[in-house]
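Just below is one structure, and these are the notes that go with it.
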Amino acid sequence: MLILAIETSCDETSAAVVKDGVEVLSNPIATQTEFHQKYGGIVPEIAARKHVELISPIIQEALDKANITFKDIDAVAVTYGPGLIGSLIVGVCAAKAIAWTQKIPLIGVNHLEGHIYANLLISNFQFPISNLFPFLCLLVSGGHTMIVHVKGHGNYETLGRTRDDAAGEAFDKVARVLGLGYPGGPLIDKLAKEGNPNSIPFKHPMIEGEYAYDFSFSGIKTAVVNHVKSLQSTVNSVQKKNIAASFQKVVVETLVEKLIKAAKDKNVQTVSIAGGVSANSELREYAQKRADEEKLKAMIPPFEYCTDNAAMIGGAAYYKFKRKDFSPLSLKPLASLRL
Amino acid sequence: MKITTERASETIELGKKIGASLKENDVVALFGELGSGKTTFSQGIAKGLLIKDYVISPTFILINEYKGRIPLYHIDLYRLEKIDDIKDLGIEEYFYKNGVCLIEWAERLGPLLPKNAKIIEFEIIEENKRMINIKEPVANL
């Protein structure tokens, strides 16, 4: 069964052809980063316009690479939220047009659900699907930070989420304070490799009790601002490396330790990471290391499925197709859609 | 009126008091650097508007909407440095949308800042200490 999937929730225009929910036949991604770089982040109006320009060529590219035509597709899937509203509209309109003209089902997919299903795509497939559930997913991106208890297909419980800044946002803001540029995640990751992660004792944000799986990254962001201010002169390159390394260490440890704690508390044997921040090399290494120590299975998607992509949407859509969970042609994009 | 808060919970409490006094089409403009307490204060405003949801930073998505006793439009202009980008965002529509418009990084608004905006400035004094300067026109304080 072939699903054509479309993802335009933020600043990546992507289309993919996915076979039976696991095999990615094509997954071209056009990133707009260069257009947003000078603004230090995504500008919604620019993103929407670029999606309009890129959407048709990207869909054609996805079909060509998969060596199929519109006639071979069984369903069309699209991200309908959460995300930037202008960006979402472009993908949703394209998907509706294809569903209507080809007379095939339309499947609206939650972007967050897509990130979770990145773990089920075949190139990362380590365990039989029947034994997969339940698992915990640490979903970390520029706009989201949450721990989700995935009990079965389409069956999720959010155990914890951020109370202020998302982890990816903290990376972007710290990168800006250090004058590194945008996007901040990869730049800090690179710089941190050359710094001493124990040079500055930034505090781990602690939340206890009933909300122990919640996150807060506003405090460490402020701590970095205060630290930079406390330096007598402008930050030199050694100091930048040390700040990046010390900051990243605290963020990564906080994310992973909460995930591990939740797995133990809930007696869940498998943990996974997803979302753009899961491309961070230290997060990937530390999650694997801690899972091994605790004798848990760890699912860590390949890089290309961590950041926004349409293949993960096609993966999630397959199981919705099997449940006949279709969307009407009146499907509305929702900027603040919840899991 | 200048108020010093010693910790985040005091900043939230102050926001809650102001939030409770807000009515439809009020615009609250927050000025101040990164980490000076704007989002923390916004969480208090939301409490004052009887919003149960977590109010998180809207930096990434630029505008978050919440349902309370009246709607809250929580806007963050941190990433938009050019006035034209802000105009493109259609921010002015939110000033008249029958809710409370709460704007972080309001310094970016320049001439677009509405005349009726309640201006509140934030300053970092020490690690956890913040100076919050509530300027006119804020009634009932």
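Details
- Odd one out for A:R290, checked against (1) of a type in the set (D, E, K, R); (2) in a loop (DSSP other than H, G, I, E, B); (3) within 20 Å of A:M146 (Cβ to Cβ): (2)
- Qualifying residue in region A:248-265 (condition: free of Cβ contacts under 8 Å to residues at least 24 places away in the same chain and among the hydroxyl-bearing types (S, T, Y)): no
- Residue count for region A:144-163, restricted to those that are surrounded by fewer than 24 Cβ atoms within 10 Å (Cβ to Cβ), outside any strand (DSSP E or B) and at negative phi: 2
- Subset of region B:119-135 that is in contact (Cβ under 8 Å) with a residue 12 or more places away in the chain and among the acidic types (D, E) - its residue that is farthest from the other protein chains (Cβ to nearest Cβ): B:E121
- Which listed residue is in contact with a helix residue (DSSP H, G or I) (Cβ under 8 Å, 6 or more places away or on another chain), away from chain B (no Cβ under 14 Å) and of a type in the set (V, I, T), from A:I85, A:I104, A:I89: A:I104
- Within region A:212-223, residues that are in the same structural domain as A:I200 (by TED's automatic domain parsing) reach partners that are crowded, with 24+ Cβ neighbours inside 10 Å and in a helix (DSSP H, G or I) with beta carbons closer than 6 Å, at six or more positions or on different chains, in the pairs A:F217/A:A167; A:F217/A:A170; A:K221/A:A170; A:K221/A:K173.
- Residues being in a helix (DSSP H, G or I) and either within 11 Å of another protein chain (Cβ to nearest Cβ) or touching a residue at least 24 places away in the same chain (Cβ under 8 Å) (or both) - total across region A:188-206: 4
- Across region A:43-82, the number of residues qualifying as of a type in the set (A, V, I, L, M, F, W, C) and within 14 Å of chain B (Cβ to nearest Cβ) comes to 4.
Each row is one residue, and each column tells you yes or no for (1) of a type in the set (D, E); (2) at pLDDT below 95; (3) touching an Asp or Glu at 6+ places or on another chain (Cβ under 8 Å).
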site	(1), (2), (3)
A:Q232	no, yes, no
A:N242	no, no, no
A:F247	no, no, no
A:T254	no, no, no
A:K261	no, no, no
A:K266	no, no, no
A:L283	no, no, no
A:Y318	no, no, yes
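- Among helices (runs of 4 or more DSSP H) entirely within region B:17-118, having at least 3 residues that are within 12 Å of another protein chain (Cβ to nearest Cβ) and surrounded by 22 or more Cβ atoms within 10 Å (Cβ to Cβ) singles out B:38-48.
- Sole exception among (1) crowded, with 23+ Cβ neighbours inside 10 Å; (2) hydrophobic (A, V, I, L, M, F, W, C); (3) more than 10 Å from every other protein chain (Cβ to nearest Cβ) for A:L231, by number: (1)
- Top-ranked residue of region A:164-187 - restricted to ones that are under 30 Å from A:F135 (Cα atoms), of a type in the set (G, A, S) and not in a loop (DSSP other than H, G, I, E, B), ranked as nearest to the other protein chains (Cβ to nearest Cβ): A:G168
- Some residue of region A:102-113 being touching a residue at least 40 places away in the same chain (Cβ under 8 Å), outside the structural domain of A:Y211 (by TED's automatic domain parsing), touching a strand residue (DSSP E or B) at 6+ places or on another chain (Cβ under 9 Å) and part of a loop (DSSP other than H, G, I, E, B): yes
- Selected residue (criterion: nearest to A:F171 (Cα to Cα)) from residues of region A:266-303 that are without any contact (Cβ under 8 Å) to a residue 40 or more places away in the chain and of a type in the set (D, E): A:E285
- Members of region A:255-306 found to be among the aromatic types (F, W, Y) and either surrounded by 17 or more Cβ atoms within 10 Å (Cβ to Cβ) or closer than 20 Å to A:I207 by Cβ (or both), listed by number: A:Y286, A:Y305
- Taken together, A:I89, A:I29, A:I85, A:I46 contain a single residue that is within 23 Å of A:P186 (Cα to Cα) and within 20 Å of the chain's Cα centre (by Cα), which is A:I29.
- Scanning region A:282-339 for residues that are hydrophobic (A, V, I, L, M, F, W, C), outside the structural domain of A:I104 (by TED's automatic domain parsing), closer than 17 Å to A:Y80 by Cα and within 20 Å of the chain's Cα centre (by Cα) yields A:L334, A:A335, A:L337, A:L339.
The values are calculated or read from the model by the stated rules, or taken from the named source; none is laboratory data. Just so it is clear, the structure is predicted and the values come from calculations on it, not from any experiment. Because the Cβ atoms are built from the backbone with ideal geometry, glycine has one as well, and the counts that use them run over all protein chains shown.
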